[in-house]
Amino acid sequence: PTISQLQAFFGRRTDFIPITVDALSATPSPLKTDPSHYFQGFVPQTVVFDLDGQVVLNQAGAIPYATLDGTLRQVFGLPPVDGPERQAAPVNEVNQELVPPA
């Protein structure tokens with residue numbers, strides 16, 4: 001649900017790319033373009049890159065919405081948000097952009 005909530009706000013600014021660990025090689029790659037380079041052996045794991053391709057967050061386990069929101073706001077130069085506005089709002093899981101208008 002957190003990814004859907006983040007996509008609601010940041011979806012037009014960034015791409016969220018899920019990668020299955022089954023697709024990763026057992027040996028980490030030295031290439032920064034290979035996802036296995038970043039994998040730490042834990043699921044789930046979240047890696048966030050800045051606009052220059054530098055890692056700004058690489059964390060295993062469940063990450064609070066506020067942490068991810070703050071990291072992405074920093075990446076895009078958006079002002080920080082505190083208080084109730086920062087709580088994740090429920091998002092309708094149906095992608096209405098794929099449905100033709102009635």
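The values are calculated or read from the model by the stated rules, or taken from the named source; none is laboratory data. These numbers come from a predicted model, not from an experiment. Glycine also receives a Cβ, built like all others from the backbone with ideal geometry; neighbour counts cover every protein chain displayed.
For Pro90, the stated conditions do not hold, so it cannot be described as in a loop (DSSP other than H, G, I, E, B) and at pLDDT 60 or above. Scanning region 65-84 for residues that are exposed (fewer than 13 other Cβ atoms within 10 Å of the Cβ), modelled with pLDDT of 90 or more and out of contact with any Lys or Arg (no Cβ under 9 Å at 6 or more places or on another chain) gives a single hit, Gly77. Checking the stated criteria, Asp50 turns out to be modelled with pLDDT of 90 or more and out of contact with any Asp or Glu (no Cβ under 9 Å at 6 or more places or on another chain).
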